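Each remark here refers to the structure printed beneath this line.
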Amino acid sequence: MLRILFAVVRRDLLLAWRRRADVFTTLAFFVIVASLFPLGVGPEANLLRTMAPGVLWVSALLATLLSVTRLFAADYADGTLEQMLLSTEPLTLIVLGKVMAYWLVTGLPLVVLAPLLGVQFDLPQGAIGVLSLSLALGTPALSLLGGIGAALTLGLRGGGVLLALLILPLYVPVLIFGAGAVGADAAGLGAGAHLLLLGACFLSALAVSPLATAAALRIAME
Amino acid sequence: MTAPAKALAEKLPESRGGINWFKYASPQTFYPLAGKLIPLFGWPALALALVGLYLSFFVAPTDATQGESYRIIFIHVPAAWMSMIIYLAMAFWCAVGLIFNTRLSFMMSQALAPTGAMWTFIALWTGALWGKPTWGAWWVWDARLTSELILLFLYLGYMALVAAIDDPRRADRAGAVVALVGAINVPIIYFSVKWWNTLHQGASVSVTSAPKMASIMLAGMLVMALAAWAYSVAVVLVRVRALMLERERNTDWVAQLVESSR
Amino acid sequence: MNWASAGEFWAMGGKGLYVWGSFAVTLACVLAEIALVRGRFAGVRKRLARMRVAADRGANDET
């Protein structure tokens with residue numbers, strides 16, 4: 001069981017490594033969106049500090065949204081996906097492996113880079129730690145939920161916008177608890193409850209979305 | 001998943017305890033039944049709406065604190081109820097369709113979606129018009145309002161996905177996955193927004209602490225809700241009939257229907 | 001009876017814009033939906049009948 005999971009993760013990481021530019025694009029998008037906000041609302045430090053959790057979280061969310069369309073696209077185009085569906089290994093496991101690899105390639109860099117942007121927004125040190133932690137818990141949930149949308153819109157025209165319409169409502173709880181954790185910490189309320197709920201979001205996404213994604217892939221490839 | 005469903009369907013005619021429901025699972029038999037049901041729901045809807053309007057404007061007294069603007073409640077609350085009930089019904093038919101592999105179930109949920117979206121829009125619109133004289137703002141980020149807005153997005157997402165897929169079989173099933181995932185999410189969204197709202201005390205306006213409602217107001221609201229329900233059933237049945245004809249235009253039963261109506 | 005005159009009824013205690021704005025939009029939505037859904041149904045019926053006629057004619061031409 002675990003062997004197939006790691007095999008899928010290894011394969012996808014290898015493929016991503018051969019196309020490093022894609023990873024960089026997502027990351028650059030994240031940084032650019034987050035940097036546009038101060039230009040839009042003005043350089044006032046207090047305002048930026050209160051806005052920072054929301055801005056950084058929404059940027060991370062949009063970056064995920066932008067890249068998640070690619071989750072199954074390449075495998076769909078070259079027919080690998082069909083082979084995966086035909087294989088005797090459980091499809092949910094393959095899907096989980098693909099999402100894990102996807103998160104390692106796009107989610108993890110966001111988590112690593114976020115503190116830097118937090119400094120740009122003049123967040124206090126404790127809040128920056130919470131920001132990293134909340135992104136580390138939240139971006140996997142975003143990747144998992146995004147997988148459902150990516151599978152459903154596979155090969156459709158206008159897939160990108162449709163994907164946004166489908167999965168943005170599902171991102172609401174993650175956004176609320178993720179950004180809320182940072183905000184609560186900055187306000188001195190303690191981020192524990194938010195982080196626990198964020199963890200609950202992640203775990204329920206982990207339970208539901210590989211199944212839903214696998215079902216959606218079967219529907220799309222029928 | 002479909003094998004037990006088939007076994008069940010085969011067994012059912014023998015194990016009858018009244019009507020064989022699976023008989024109406026095929027468009028061919030459901031089409032005439034729906035045709036007969038439409039007036040049975042449509043005319044009562046009109047009658048109930050008239051009674052409800054009479055109750056809400058001429059019988060229900062002026063509210064002591066809100067004045068006349070509270071009369072919006074007589075459509076706002078039924079619209080909000082309908083928006084949620086229809087989403088649940090949609091998710092229910094999607095689940096039935098996935099489990100029993102009946103194409104009529106998917107058509108039902110696709111016929112329900114536009115009406116549900118309409119009620120959601122009406123609930124939001126009347127909510128804004130009620131909020132302005134009551135709280136002084138067209139929109140507050142209250143848990144219910146925000147959840148209702150997200151519910152509208154869920155409806156739009158479902159309809160957009162179904163419309164974007166050309167293959168009807170794939171459209172049915174993909175839509176069903178979205179509707180079901182959305183149905184799981186609706187309560188989570190509601191509670192997360194509620195929690196978020198209580199933490200941001202600044203803008204919060206309590207909608208929950210409504211004063212105890214006079215029974216005549218409740219009666220008006222219930223009659224209006226029944227009217228909205230009967231109306232929705234009638235409209236959805238007309239739409240599902242249109243969908244059936246569109247989808248099954250190459251089948252024998254549609255050909256016979258067209259033949260006999262000439 | 002709550003209203004002394006028709007004018008009072010339409011004014012709704014000064015909140016007429018909000019109350020009638022709600023009810024009018026709801027009515028408009030409902031009427032529009034009925035018209036759309038009936039139009040769609042009638043359109044499908046008409047299209048099917050036309051297809052049928054065309055098919056008959058095609059069959060006659062072949063013979």
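Every number in this text was worked out from the coordinates using simple rules, so none of it is lab data. Everything numeric here is computed off the predicted structure, so don't read it as measured data. FYI the Cβ positions are ideal-geometry reconstructions off the backbone, even for glycines, and counts take in every protein chain you see.
General remarks:
- Each 10 Å bin, from zero up to the one with the longest distance, holds this percent of the alpha carbon pairs of segment B:39-111: 17, 30, 27, 17, 9, 1.
- Shape summary of segment B:59-100, radius of gyration then Dmax from alpha carbon positions: 17.3, 53 Å.
- Projecting label points 7 angstrom from Cα along Cα→Cβ for A:THR50 and C:PHE9 puts them 4.9 nm apart.
- Computed log₁₀ I(q)/I(0) - Debye formula, equal Cα scatterers, no solvent, the protein assembly as shown, q 0.07, 0.10, 0.13 Å⁻¹: -0.51, -0.97, -1.32
- Relative contact order, whole percent, for segment A:2-221 stands at 26, derived from Cα pairs under 8 Å and 6 or more residues apart.
- The mean count of C-beta atoms from other chains within 10 Å of the C-beta of residues in B:117-127, rounded to a whole number, is 3.
- Calculated Rg and Dmax of segment C:22-62 using C-alpha coordinates, Å: 17.7, 60
- For the segment B:68-76, counting C-beta atoms of other chains within 10 Å of every residue's C-beta and taking the mean gives 6.
- Taking other C-beta atoms within 10 Å as the exposure proxy, C:LYS15, B:LYS23 rank B:LYS23, C:LYS15 from fewest upward.
- Per-residue Cβ neighbour counts within 10 Å put A:PHE6, B:PHE100, B:PHE191 in the sequence A:PHE6, B:PHE191, B:PHE100, beginning with the fewest.
- Dimensionless Rg ratio for segment A:134-222, taking C-alpha atoms and the 2.2 N^0.38 Å reference: 1.23
- Peptides A:58-68, B:106-116, B:33-43, A:89-99 ranked from most to least packed by the mean count of surrounding Cβ atoms within 10 Å: B:106-116, A:58-68, A:89-99, B:33-43.
- Segment B:112-154: proportion of alpha-carbon pairs further apart than 11 angstrom, %: 63 percent
- Sites B:PHE191 and A:LEU206, calculated FRET efficiency, Cβ-Cβ separation with R0 22 Å, nearest 0.05: 0.70
- For segment A:193-209 and segment A:52-81, distance of Cα centres in Å: 19 Å
- Ordering B:ARG241, A:ARG19 from the fewest to the most neighbouring beta carbons within 10 Å gives A:ARG19, B:ARG241.
- Helix-only mean residue ellipticity at 222 nm for the protein assembly as shown, each DSSP H run of n ≥ 4 adding -39500 (n - 2.57), per residue, nearest 500: -28000 deg cm²/dmol
- Distant alpha-carbon pairs in segment A:2-221 (separation over 26 angstrom), percent: 35 percent
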